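Let me begin by presenting the structure, written as structure tokens, before commenting on it.
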């Protein structure tokens, strides 16, 4: 279920994003109760702030586990088994953009795997967790990386 927040004072109350009531009816009910629906921009900011907090805690929990910092904690063999398929889709040299690049392990791996076939990628990535982008820049120094969301 996707949820957005209703705000009453400083308290957030979850509400389904797609209520069964018509939006105009929902708005009328909310205005009578003194609550207001957050703007799309506010909902998006709240969503990304909450998600950023949860993912940062998980991804960065073990500073010695690059697989967990990239979203998988099952180790190198499973990493290759589930990620090499991305490199298999690259049929020529060129740019490669990873949206949600985490710590850059996927970009590093794809670059290595396509290199085995004589191809090269110019890595680029975006992630909304600045600490992960810092790790990516260390891992893949020849790439271009930005701290942003896909909405930015």
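Can you pull out the residues in the stretch 96-123 that are assigned to a strand (DSSP E or B) and under 18 Å from residue 150 (Cα atoms)?
The answer is 96, 97, 98, 99, 123.
So is residue 78 touching a residue at least 24 places away in the same chain (Cβ under 8 Å) and either at positive phi or in a helix (DSSP H, G or I) (or both) or not?
Taking the combined requirement at face value, the residue does not satisfy it.
Tell me, please, whether a residue that is surrounded by fewer than 17 Cβ atoms within 10 Å (Cβ to Cβ), modelled with pLDDT under 90 and in contact with a strand residue (DSSP E or B) (Cβ under 7 Å, 6 or more places away or on another chain) can be found in the stretch 23-30.
Yes, the conditions are met somewhere in the stretch 23-30.
Here's the yes/no breakdown for (1) at pLDDT below 90; (2) out of contact with any strand residue (DSSP E or B) (no Cβ under 9 Å at 6 or more places or on another chain); (3) over 12 Å from residue 105 (Cβ atoms):
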residue: 32; (1), (2), (3): yes, yes, yes
residue: 38; (1), (2), (3): yes, no, yes
residue: 42; (1), (2), (3): yes, no, yes
residue: 45; (1), (2), (3): yes, yes, yes
residue: 54; (1), (2), (3): no, yes, yes
residue: 59; (1), (2), (3): no, yes, no
residue: 63; (1), (2), (3): no, yes, yes
residue: 69; (1), (2), (3): no, yes, no
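Does the stretch 108-120 contain any residue that is within 15 Å of the chain's Cα centre (by Cα), modelled with pLDDT of 95 or more and farther than 16 Å from residue 67 by Cα?
No, the conditions are met nowhere in the stretch 108-120.
Determine whether the stretch 82-90 contains at least one residue that is more than 17 Å from the chain's Cα centre (by Cα), under 20 Å from residue 141 (Cα atoms) and in a helix (DSSP H, G or I).
Yes, that holds for at least one residue.
Say we look at the stretch 136-152 and pick out the residues that are more than 11 Å from the chain's Cα centre (by Cα), part of a strand (DSSP E or B) and free of Cβ contacts under 8 Å to residues at least 24 places away in the same chain; which of these is farthest from residue 111 (Cα to Cα)?
That would be 146.
Free of Cβ contacts under 8 Å to residues at least 60 places away in the same chain, more than 30 Å from residue 42 (Cβ to Cβ) and in contact with a strand residue (DSSP E or B) (Cβ under 8 Å, 6 or more places away or on another chain) - does that describe any residue in the stretch 97-105?
yes
Name the residues in the stretch 133-145 that are touching a helix residue (DSSP H, G or I) at 6+ places or on another chain (Cβ under 6 Å) and closer than 16 Å to residue 71 by Cα, would you?
Residue satisfying the conditions is 139 alone.
Quick one: in the stretch 47-63, which of the residues that are in contact with a helix residue (DSSP H, G or I) (Cβ under 8 Å, 6 or more places away or on another chain) and under 16 Å from residue 100 (Cβ atoms) is surrounded by the most Cβ atoms within 10 Å (Cβ to Cβ)?
Result: 59.
Name the one entry in 133, 126 that is assigned to a strand (DSSP E or B) and either modelled with pLDDT of 95 or more or under 20 Å from residue 60 (Cβ atoms) (or both).
From the options 133, 126, the qualifying one is 126.
Of the conditions (1) outside any helix (DSSP H, G or I); (2) touching a helix residue (DSSP H, G or I) at 6+ places or on another chain (Cβ under 6 Å); (3) modelled with pLDDT of 95 or more, residue 19 clears all except one; give me its number.
If we test residue 19 against (1) outside any helix (DSSP H, G or I); (2) touching a helix residue (DSSP H, G or I) at 6+ places or on another chain (Cβ under 6 Å); (3) modelled with pLDDT of 95 or more, just (3) comes out false.
The values are calculated or read from the model by the stated rules, or taken from the named source; none is laboratory data. No experiment lies behind these values; they were computed from the predicted model shown. Heads up, the Cβs are rebuilt from the backbone with ideal geometry, glycines too, and the neighbour counts pull from every protein chain shown.
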